[in-house]
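Quick notes on the structure that follows.
The values are calculated or read from the model by the stated rules, or taken from the named source; none is laboratory data. Quick caveat, the model's predicted, so the values are computed rather than measured. Cβ: placed from backbone, ideal geometry, glycine included. Neighbour counts: every protein chain shown. Surface accessibility is based on the protein's heavy atoms, side chains included, excluding ligands, DNA and RNA. Shrake-Rupley method; radii C 1.70, N 1.55, O 1.52, S 1.80 Å.
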Amino acid sequence: MTKIITENLHLHYGENHALRGIDLNIHANKITALIGPSGCGKSTFLKTLNRMNDSVPNIKITGKVLLDGEDIYDSTVDVTKLRKKAGMVFQSPNPFPMSIYDNVAYGLRIHGIKKRVLIDEIVERSLQGAAIWDEVKDRLRTPALALSGGQQQRLCIARTLAVSPEAILMDEPTSALDPISTMKIEELMSELAKKYTVVIVTHNMQQAARISDYTAFFLLGEMIEYDKTNNIFAAPKDQRTENYITGRFG
Amino acid sequence: MENSITRTSSITRKRKLKKPVETIMNVIFLICGLAAVVSVILISLYMVFSGAPAIAKIGPLKFLAGQIWNPEVNDFGILPLILSSVTATGLAILIAVPAALCAAIFLTHIAKKRVATVLLFLVELLAGIPSVVYGLLGAILIVPLVFKAQTALGMPMSGSLLSASIVLVIMILPTIISVSVASINTVPKQYNDVSLALGSSKMQSIMRAIIPAAKSGIVSGIVLGVGRAIGETMAVMMVAGNAPIMPELLKPARLLTVGISMEWAYSSGLHRDALYGIGLVLFVFIMIINILLSSILKKGNNTGNK
Ligand SMILES: Nc1ncnc2c1ncn2[C@@H]1O[C@H](COP(=O)(O)OP(=O)(O)O)[C@@H](O)[C@H]1O
Ligand SMILES: [Mg+2]
């Protein structure tokens, strides 16, 4: 089943043609990895999927992005609903300077949920979903910034889960973490794919190979190749993909 | 065994003493630190020793709760002054804080970059203007406006508590705005992005993510502004009418600061000692407000980092 489709997606930052006609079908409940050398447009592409680059000055986006068949760039779209449905986890762990509990409850309160019992319940469920509940359940009221980097990133995932997204967009979520925290998040991602559609940008090819079901290779704003992860790594069709994954450039 | 140590340079100190420069610097820092602490203690002691005798002589109750201030017949009741100070500064804070916050949000997140830069420059300029200028401004612009209200209500035209409050508001706004803007600008942009990515509106992310993260800086701005308002003398004296009566918005009022400065030059004996007494009350008043404000600050901040 397809969750997100992009059709002939072009993006210009002023003169910079950063995305050059991307056509991609992102499958529901799978992990799709976006790989490619830095500056090739992975983050830019990810942000077009929940319109996080709307406010960039001089940006021009053409083509289509369909989420469950609806064009997210249509003028009738409520961006806040879109972002609730397609949540995002950023590169560096960035909890708010509030308690662990308030971090997870943040999105709920934004969306007008006031009932204490309900918030308690969702906070617990989200922290469990992000595999951090056992580590923090006794100190929900303590500052989130006192957690370790890896815990903070899982907390940020919990914060995203709390607003019940259907897709989760992650931009290099482990690049600021140590190997053990990275491993925990990778395990978590496989777990998440059971319920959510996961799109992850990574500059780490081993990571893409380990965890993703599909891989898209980007180069200079173009999508060069997209296939099942096994195929991409075992038998890439394009010479440029092969060069990249064998480490000949990038 | 062949593992004898051959050492070309040693990491131990040659002499027991640390480097002399370090020692000298340490002593200098110690002296500066002590000087600050000692002068605070000396000032406090001086205030108490010079203010307390008069209060004792007049009687603490008669002094603090007395409603009549008439030095000629030895009536030294400063309740009107205390209440006027509390009302005027309280009112000024109530108006200035929300207004300043809105202005700071406007300057940091709503106004166009160029507009914001110009406005902020002006605000910072205003923060440095001497208070007597604000007094003049108040006397020319605000007092006449209040005159109209007074005439309309059939009251005599005079300086008033209201005029004093308004002048204080205008005076402390730039301070609170510029400190708040600086503190909002230090909030990482990420907080805004995260909030938007969770589906918040721009206003929600300002009010719920950015402002709370900037809170401690904003409160310092408020403390600075409030400090300036409580201690202000000149600007207030020029617009408040300065009669030592119980505070009413449209009637003249004498604040604690004005109470001291107005009569200082010609006072003597018990009268002068009573003015020292007012000084002590003002001192305690400012202490209480600072402690209150900073405890509110600490309380609200125990869930985040500093
Ligand atoms: N906000 C922006 N404004 C202007 N140019 C940008 C912006 N973000 C990215 N770019 C440019 O778009 C290109 C792709 O960047 P990015 O998507 O961040 O690459 P990646 O994530 O693959 O490293 C780069 O040339 C970058 O300089
Ligand atoms: Mg990137």
Note to self: For region A:4-72, what does the relative contact order come out to in percent, with C-alpha contacts under 8 Å and a separation of six or more?
What the structure shows: 45 percent
Notebook entry, point to check: Using alpha-carbon pairs under 8 Å, 6+ residues apart, how would you state the relative contact order of chain A in percent?
Noted result: 28 percent
Next item on the list: Enumerate the amide H contacts of A:GLU166 below 5 Å, restricted to partners 5 or more residues apart or on another chain; note that Pro and chain-start residues carry no placed amide H.
Entry: A:ALA86, A:GLY87
Check: Which loop-located GluC sites (Glu not before Pro) does region A:1-98 contain, where loop means any DSSP state but H, G, I, E or B and the Cβ has at most 15 other Cβ atoms within 10 Å?
Finding: A:GLU15
Next item on the list: In debye, nearest 20, what is the charge dipole magnitude of chain A about its Cα centre with +1 on Lys and Arg Cβ and -1 on Asp and Glu Cβ, if you could check?
Entry: 520 debye
Notebook entry, point to check: If packing is taken as the mean number of other Cβ atoms within 10 Å per residue, what is the order of B:202-208, B:231-237, B:171-177, highest first?
Noted result: B:171-177, B:231-237, B:202-208
Next item on the list: Using R₀ = 35 Å, calculate the FRET efficiency as 1/(1 + (r/R₀)^6) where r is the Cβ-Cβ separation of B:ILE68 and B:SER295; round to 0.05.
Entry: 0.50
Notebook entry, point to check: Mean residue ellipticity at 222 nm from the helices of chain A, using -39,500 (n - 2.57) per DSSP H segment of n ≥ 4 over the full residue count, to the nearest 500 deg cm²/dmol?
Noted result: -10500 deg cm²/dmol
Margin query: With the crude spin-label approximation of a point 7 Å out along Cα→Cβ, what separation in nm comes out for B:ALA139 versus B:SER39?
Written below: 3.2 nm
Next item on the list: Calculate for chain B the 222 nm mean residue ellipticity that helices alone would give, adding -39,500 (n - 2.57) per DSSP H run of length 4 or more and normalising by residue count, nearest 500 deg cm²/dmol.
Entry: -22500 deg cm²/dmol
Item checked: chain B, relative contact order [Cα under 8 Å, separation at least 6], % -> 25 percent
Item checked: Solvent exposure, largest accessible area first (probe 1.4 Å, DNA, RNA and ligands not counted), of A:VAL123, B:VAL223 -> B:VAL223, A:VAL123
Next item on the list: Could you order A:MET88, B:MET25 so the one with the most accessible surface comes first? Probe is 1.4 Å.
Entry: B:MET25, A:MET88
Margin query: Could you report the buried accessible area between A and B, both sides summed, computed with a 1.4 Å probe and given in Å² to the nearest 100?
Written below: 1900 Å²
Notebook entry, point to check: What distance in nm separates the simple spin-label points at B:ALA111 and B:THR23, each placed 7 Å from Cα in the Cβ direction?
Noted result: 5.5 nm
Checklist line | For region A:179-250, the Rg and Dmax computed from alpha carbons only, in angstrom | finding: 12.8, 37
Notebook entry, point to check: Quick one, what does Rg over Rh come out to for region B:62-305 if you take C-alpha atoms and the Kirkwood Rh?
Noted result: 1.06
Next item on the list: Of the options A:LEU140, B:LEU224, A:LEU108, report the single residue whose Cα projects farthest towards the positive end of the charge dipole of the protein assembly as shown (beta-carbon charges: Lys, Arg +1; Asp, Glu -1).
Entry: B:LEU224
Notebook entry, point to check: Which entries in A:LYS85/A:LYS195; B:LYS148/B:LYS251; A:LYS30/A:LYS137; A:LYS42/A:LYS64 show an alpha-carbon gap greater than 19 Å?
Noted result: A:LYS30/A:LYS137
Next item on the list: Quote the FRET efficiency, to the nearest 0.05, computed for B:MET203 versus A:GLU124 with a Förster distance R0 of 25 Å and r equal to the Cβ-Cβ distance.
Entry: 0.30
Note to self: I'd like the accessible area for B:GLU248: 1.4 Å probe, protein heavy atoms, all chains in place, Å² to the nearest 10.
What the structure shows: 90 Å²
Check: So which trypsin sites (Lys or Arg not before Pro) in region B:78-149 pass both tests, a DSSP loop state and at most 10 other Cβ atoms within 10 Å of the Cβ?
Finding: B:LYS112
Margin query: List residues of region B:102-142, by number, whose backbone nitrogen lies under 20 Å from a label position 7 Å along Cα→C-beta of B:TRP264.
Written below: B:130-136
Check: Based on the Cβ-Cβ distance of A:ASN29 and A:SER92, what FRET efficiency does E = 1/(1 + (r/R0)^6) give at R0 = 25 Å, to the nearest 0.05?
Finding: 0.35
Next item on the list: Would you tell me the mean number of C-beta atoms belonging to other protein chains that fall within 10 Å of each C-beta in A:142-150, as a whole number?
Entry: 2
Margin query: Here is the link list: A:LYS114/B:LYS215; A:LYS184/A:LYS228; A:LYS84/A:LYS237. Which ones come out longer than 28 Å on Cα distance?
Written below: A:LYS84/A:LYS237
